[in-house]
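Here the structure is laid out as structure tokens; the discussion comes afterwards.
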Amino acid sequence: MLTFRSPGDEIAGLIASGHPFFKPGWGADVVGMVLDDGVDWDEVAELLTESYCVLAPKKLVALLDRPAALG
């Protein structure tokens, strides 16, 4: 299991897609993900980067080398 923060506009889409995503029941911007044999580690990396960006100070976020789709 993994929990992470997600930008508000992405939460509903992730949870609506079903497994492996779920709403843990705490935190308005928290999403859970089941890590099983079919996990896409590139997707996990993107989700964790976005989670960091939700919480980190903007000056630290600006230092990240992010793909255009995430920036």
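The values are calculated or read from the model by the stated rules, or taken from the named source; none is laboratory data. Since we're looking at a predicted model, the values are computed, not measured. Here the Cβ positions follow ideal geometry from the backbone for every residue, glycine too, while neighbour counts run over all protein chains shown.
Does at least one position in the stretch 31-43 carry a residue that is touching a Leu at 6+ places or on another chain (Cβ under 6 Å), β-branched (V, I, T) and either more than 17 Å from L64 (Cβ to Cβ) or surrounded by 14 or more Cβ atoms within 10 Å (Cβ to Cβ) (or both)?
yes
Between residues in the stretch 5-17 that are in a helix (DSSP H, G or I) and residues that are surrounded by 10 or more Cβ atoms within 10 Å (Cβ to Cβ) and among the polar types (S, T, N, Q), which pairs lie under 9 Å by C-beta distance while being six or more apart or on different chains?
Once the first residue is in a helix (DSSP H, G or I) and sits in the stretch 5-17, its partners that are surrounded by 10 or more Cβ atoms within 10 Å (Cβ to Cβ) and among the polar types (S, T, N, Q) give L14/S6.
Being part of a loop (DSSP other than H, G, I, E, B) and among the aliphatic types (A, V, I, L, M) is the filter; apply it to the stretch 18-37 and report the residue that is nearest to L55 (Cα to Cα). Walk me through it before giving the result.
Step one: list which residues in the stretch 18-37 are part of a loop (DSSP other than H, G, I, E, B), which gives 18-20, 23-29, 34-37.
Going one step further and asking which of them are among the aliphatic types (A, V, I, L, M), we end up with 28, 34-35.
Numbers: A28: 13, V34: 22, L35: 23 Å.
Per the criteria, the residue is A28.
Would you mention how many residues in the stretch 1-30 are polar (S, T, N, Q) and within 26 Å of L64 (Cα to Cα)? Reasoning before the result, please.
Applying the first criterion (polar (S, T, N, Q)) to the stretch 1-30 yields 3, 6, 17.
Applying the additional criterion that residues be within 26 Å of L64 (Cα to Cα) yields 3, 6.
Qualifying residue count, the stretch 1-30: 2.
Pick out the one residue from G32, G18 that is on the phi > 0 side of the Ramachandran plot and at pLDDT 90 or above.
Numbers: G32 fails: on the phi > 0 side of the Ramachandran plot.
When all the criteria are applied, what remains is G18.
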